[in-house]
Amino acid sequence: MKICVTVKQVPDPNLPMQVDPATHRLVRNPDQSILDPADEYGVETALRLVEEHGGEVVVVSMGPPSAADALRRAMAMGADRAILITDEALAGSDARATARALAAVIRGEQPDLVICAIEATDAYTGMVPGMLAELLDLPQLTFARQVAVEGQTVTVHRDIEGATQVLRAQLPALLTVTASIAEPRYPSFKGVMAAKRKPIDERDLASLGLEAGAVGAAGAAERVVALEEVREEKQGQMVTDDGTGSSVEAIVAFLERIQVV
Amino acid sequence: MATRRVWVWTELTDGAPQRPALELLTAARGLGEAAAVLLAPAGDEAIAALGAHGAAVVYHGDDAIYTQYAVEPQVAALAALIEAEAPDLLLFPSTFTARDVLARLAGRLGAGVIANATSVRFEGDRLLATVPYTGAYVATVTLEGPAPYLVQVRPKAYPVEPVGGQAEVRPVATALDPAACRVQVVETVPQVAEGPNLEEAEVIVAGGRGLGKAENFRLLEELARQLGGAVGASRAVVDAGWVPYSYQIGQTGKTVKPNLYIACGISGAIQHLAGMKGSKHVIAINQDPDAAIFEIADLGVVGDVLTIVPKLTERLAGR
Ligand SMILES: Cc1cc2nc3c(=O)[nH]c(=O)nc-3n(C[C@H](O)[C@H](O)[C@H](O)COP(=O)(O)OP(=O)(O)OC[C@H]3O[C@@H](n4cnc5c(N)ncnc54)[C@H](O)[C@@H]3O)c2cc1C
Ligand SMILES: Nc1ncnc2c1ncn2[C@@H]1O[C@H](COP(=O)(O)O)[C@@H](O)[C@H]1O
């Protein structure tokens, strides 16, 4: 079974985000960027499926040359090889432009499964996977918290509003996976060393056969026209509990004041 | 200029339109002629409710196929309907199904999408949407045409406003290609949720890593029951597997705006605040007097949740 996992390098979410006031784009400092934690679930899911059924895990990313670091991390976890779509003209891509570029590469790979995160930690539109499924003409099974492949059938368990659901389709298919699916493994020393020797295939626009106008800022439909910084603070009342529940009376008084009790 | 035609993607729960769709009908009415698109078997009450909330038209695909197969039949029907009717704008709520349908539809139309909007307006012919970004920024975003523009709106961005109208029903003909029915819905099991669900609750008791372990969520359930509220969670505890993803509140979870939000052992990361800071009243209980959650709390309690929450429940039960 061949599985393509889309992975993105994102600014370390534990550090404050910065936006360039001129371009309205997120500041992407390579030293402070990591493999999106949300994508580690997809990599882990793919590795487990291949451990069970045999096959190959290919990680695919679109981003600046430094995104190779995120791909190395995924390969240190165990992915077999990587493809990096990188080209100056790709900067400023929105979900539509990103899906086009990823589709161009994945189409050539003919995978049995494509696995994405439900949404990227930096842009969180959650639109790339569905667009990608459509461009690749694959059925999409989303928000998976459990996945199983038997023969050519893939079955997904997921939680939606007020219900749990089981979805089923035939391979090839595209999945999005949530954090509940599996605990991502931590790369071993051996894995890190092995990843250094694994190939990263770099692709530019020309090799994808995409028009410059279809991707990047030129191919983006969504444009930011203004950006404002917000700060909110309330001057609330503070009480300190003495360790025995002494604050309960203050809470009850507050609940009475706002007429909740 | 002709009246703009704005469509709202609608889903049902227990035969009634979901609240987010009713919210979006309020938005749609403000922008032009509102129509609801409902692709699911539905009774007269559902149609009447959509009319009563401002849908002048309900495009109704009354076929069981839409509950038996996910996404693709809905997208196929919607794409055909768009081609025939040429609406100006489609608004989608932030439900799981709506997100799936919207993304795939955008792929099919080759259109861009604005996701996570909290307001939508036109300036002349230009569509503008407000999109909060990471909680620290608010962006104004536009989309390149051609119409229809596709926008996904966060919950609670617009109020539900019954206006007492009546909708004209236009049946959506289904000539669906079996090849468009690839994702079979094998089963849907309603989760027996006690009390109100998160989106509708007037009181939310939310827990974070400060609860220490999964079992302690029981303490929040008891308090929530006492207050007639629902239980939510931070992402840290969802990632830890203590509660399902459907509990998550924040940037990548649900947006809630209850009358009262009680944050228990939650630090107040900006991504968590993004989903709850619209709450009318906030009580925060946290051991750390410097926790960020206190900056947006109306009542901040410095102390141990594991002591305070059970005492509070007991005190309220005794009233
Ligand atoms: C892109 C992105 C998206 C995200 N989306 C979300 C989201 O949608 N929702 C979300 O919640 N988070 C989200 N996060 C994660 C967020 O940044 C925080 O990591 C998370 O909210 C922290 O959860 P927490 O407050 O439960 O845990 P912590 O930050 O670990 O806080 C635990 C708190 O409990 C307090 N505490 C400990 N013990 C006790 C006790 N006995 N009594 C009282 N207090 C105690 C501590 O003082 C601390 O303040 C996102 C992060 C990123 C990068
Ligand atoms: N530039 C990218 N490179 C690789 N994968 C991506 C990229 N952008 C988005 N994705 C994938 O699509 C998912 C959803 O992204 P988004 O729609 O931007 O929230 C991500 O979690 C990734 O799995």
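The values are calculated or read from the model by the stated rules, or taken from the named source; none is laboratory data. The shown structure was predicted, so the numbers you read here are calculated from the model rather than taken from an experiment. So basically every Cβ, Gly included, is an ideal-geometry build from the backbone, and we count neighbours across all protein chains shown. All accessible areas refer to the heavy atoms of the entire protein, side chains included, with ligands and DNA or RNA removed. Shrake-Rupley method; radii C 1.70, N 1.55, O 1.52, S 1.80 Å.
Based on this model, can you work out whether B:ALA175 counts as in a loop (DSSP other than H, G, I, E, B) and without any contact (Cβ under 8 Å) to a residue 24 or more places away in the chain? Judged against the criteria, B:ALA175 is a match. A search for C-beta distances below 9 Å between a residue of segment B:53-71 that is assigned by TED's automatic domain parsing to the domain that holds B:THR174 and in contact (Cβ under 8 Å) with a residue 60 or more places away in the chain and any residue that is part of a loop (DSSP other than H, G, I, E, B) and open to solvent by less than 10 Å² (accessible area, probe 1.4 Å), counting only pairs 6+ apart in sequence or on different chains, returns B:TYR69/B:VAL183; B:ALA70/A:PRO139; B:ALA70/B:VAL183; B:VAL71/A:PRO139; B:VAL71/B:VAL183.
Among the residues of this structure, B:TYR247 counts as one that is within 30 Å of A:ALA173 (Cβ to Cβ) and in contact with a strand residue (DSSP E or B) (Cβ under 8 Å, 6 or more places away or on another chain). The test for being surrounded by 23 or more Cβ atoms within 10 Å (Cβ to Cβ) and closer than 17 Å to B:LEU312 by Cβ does not hold for B:ALA233. Taking (1) assigned to a helix (DSSP H, G or I); (2) modelled with pLDDT under 95 in turn, B:ALA49 satisfies each apart from (2).
On the stretch given as segment A:204-228, residues that are open to solvent by 60 Å² or more (accessible area, probe 1.4 Å), closer than 19 Å to A:PRO64 by Cα and touching a Ser or Thr at 6+ places or on another chain (Cβ under 9 Å) total 1. At least 3 residues being under 24 Å from the mean Cα position of the chain (by Cα) and more than 21 Å from A:ILE160 (Cβ to Cβ) is the threshold, and among the helices (runs of 4 or more DSSP H) wholly inside segment B:206-313 those reaching it are B:217-227, B:270-276.
Within segment A:122-145, is even one residue more than 7 Å from chain B (Cβ to nearest Cβ), within 29 Å of A:ASP94 (Cα to Cα), within 16 Å of ligand 1 (Cβ to nearest atom) and in a loop (DSSP other than H, G, I, E, B)? Looking through segment A:122-145, at least one residue is more than 7 Å from chain B (Cβ to nearest Cβ), within 29 Å of A:ASP94 (Cα to Cα), within 16 Å of ligand 1 (Cβ to nearest atom) and in a loop (DSSP other than H, G, I, E, B). Looking only at segment B:135-155, which residues are surrounded by fewer than 19 Cβ atoms within 10 Å (Cβ to Cβ), within 16 Å of ligand 1 (Cβ to nearest atom) and in a loop (DSSP other than H, G, I, E, B)? The answer is B:ALA136, and nothing else.
The helices (runs of 4 or more DSSP H) found entirely in segment A:1-118 that carry 1 or more residues being more than 14 Å from every other protein chain (Cβ to nearest Cβ), without any contact (Cβ under 8 Å) to a residue 24 or more places away in the chain and away from ligand 2 (no atom under 11 Å from the Cβ) are A:37-53, A:95-109.
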